[in-house]
1. Name the residues in region 312-341 that are in contact with a Pro (Cβ under 9 Å, 6 or more places away or on another chain), part of a helix (DSSP H, G or I) and of a type outside the set (Ser, Thr, Tyr), would you?
2. What's the number of the only condition in (1) within 20 Å of residue 124 (Cβ to Cβ); (2) surrounded by 15 or more Cβ atoms within 10 Å (Cβ to Cβ); (3) of a type outside the set (Asp, Glu); (4) touching a Lys or Arg at 6+ places or on another chain (Cβ under 8 Å) that residue 66 fails to meet?
3. Run down 187, 199, 205 and say which single residue is closer than 24 Å to residue 287 by Cβ, touching a residue at least 24 places away in the same chain (Cβ under 8 Å) and among the hydrophobic types (A, V, I, L, M, F, W, C).
4. Look at residue 11 and say whether it is assigned by TED's automatic domain parsing to the domain that holds residue 155 and in a helix (DSSP H, G or I).
5. Kindly list the number of the only condition in (1) touching a residue at least 40 places away in the same chain (Cβ under 8 Å); (2) under 17 Å from residue 19 (Cα atoms); (3) crowded, with 16+ Cβ neighbours inside 10 Å that fails for residue 162.
6. State all residues of region 31-62 that are of a type in the set (Lys, Arg) and either at pLDDT below 95 or closer than 15 Å to residue 7 by Cα (or both); if no residue qualifies, say none.
7. Got at least one residue in region 135-142 being part of a helix (DSSP H, G or I), out of contact with any Pro (no Cβ under 9 Å at 6 or more places or on another chain), more than 30 Å from residue 242 (Cα to Cα) and in contact (Cβ under 8 Å) with a residue 24 or more places away in the chain?
8. So which residues in region 250-270 are surrounded by fewer than 16 Cβ atoms within 10 Å (Cβ to Cβ) and either more than 28 Å from the chain's Cα centre (by Cα) or small (Gly, Ala, Ser) (or both), if there are any at all?
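The values are calculated or read from the model by the stated rules, or taken from the named source; none is laboratory data. Nothing here was measured: the structure is a model prediction, and the numbers come from that model. Here the Cβ is made from the backbone with ideal geometry for all residues, glycine too, and neighbour counts use every protein chain on show.
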Amino acid sequence: MAKKTIQDVEVKGLKVLARVDYNVPLNEDGSISDETRIVASLPTVKYLLDNGAKVILCSHLGRPKGERKMEFSLAPVAKRLAELLNVKVTLAPDCIGEEVEKMAAELQAGEILLLENLRFHKEEEKNDPEFAKKLASLAELYVSDAFGTVHRAHASTAGVAEYLPAVAGFLIGKELSVMGEALENPVRPLVAILGGAKVKDKIGVITNLLNKCDTLIIGGGMAYTFYKAKGYEIGDSLLDEANLGLAKELMETAKAKGVNMVLPVDNVIATDFAADAEYKQVPADQFIPGWQGMDIGDKTREMFAEIVKSAGTVIWNGPMGVFEFPNFEKGTEAIAEACAESNAITIVGGGDSASAITKLGYADKITHISTGGGASLEFLEGKTLPGVAALNDK
């Protein structure tokens, strides 16, 4: 990675503002239902503490839309972080202002101050320079470690880097090196698996991956648009009509580049979009009018699993079906299992695929699970991530 990391600078005695991703899901009683993101930040936070930094952490939580809504307070995070680190974590009453400045000024080496939700201020998402300057004024060094937010140019992800020396934490360093290596110098064959609903969300990713991968598997809701482009009946399945022509073009591009683009050969279809809908399996070209595709079928699951088993590197982003409904989760489960059993380097983009892997208990058998859904997608597209571009070069 061409960006400086915390290991390239001296942090001892410095007040360090670290942007972490503590946007965690909360239960109705305010307790944390999934602490993956907090745990992912620990190597960076521990490193700063162990090396004598005065640690100021900042994050957003939920979508308070610039208003001070206390159901989005970072208080539960402060409590859990203190337990995980066995260190006192002080929650600031806000993220800017006189009181916060005083607390930051009095911070000692080895102590943690967690700023209150950045998005209580609308200036955060607007990347307001004055707001960024106020945040930056609390510290002497900025550490970016919230991969889930680096694809957005916000005050805390890009703006503060204008006013402070800016380096990457361990999490961002790992994300960029693992995914960068998979795209630029993969162990071949490189197999990319794309699922999810809309073709338009993945156009950039497909286009970029067609220049890099050996096999591209298309599953999930967007496969039906490709079927339609081939002239198949798809019933009431999801259709991205505006991109039918593009789906055809992408199939032709794959052929021209010698990339093996694989679509499901059979599907589980249902009478309607419901957990208890009547369902059956049909071959890809035998959809029943009025029914809709909900998952990949048995033959496809076996076929996709075989491809994964013989891969050198696998990048997976997006579920194979409506995995929230038990009757239609088998396709996504099959991919998760194949990735877990494969000897390949396996990389799972954030979002639904990451949730599925974790839910099924395969997380420890995957080489790398990205902490950022949108960020990992944009990285796979080859886009510049503003929160990474803002960091100092080595």
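1. Taking region 312-341 first, the residues in contact with a Pro (Cβ under 9 Å, 6 or more places away or on another chain) are 312-313, 315, 320, 329, 331-332, 335.
Right, trim to part of a helix (DSSP H, G or I) and you get 331-332, 335.
Across region 312-341, the qualifying residues are 331, 335.
2. So the condition that residue 66 fails would be (2).
3. Of 187, 199, 205, the one residue that is closer than 24 Å to residue 287 by Cβ, touching a residue at least 24 places away in the same chain (Cβ under 8 Å) and among the hydrophobic types (A, V, I, L, M, F, W, C) is 199.
4. No.
5. (3)
6. Within region 31-62, 37, 46 meet the criteria.
7. yes
8. 252, 255, 256, 257, 258
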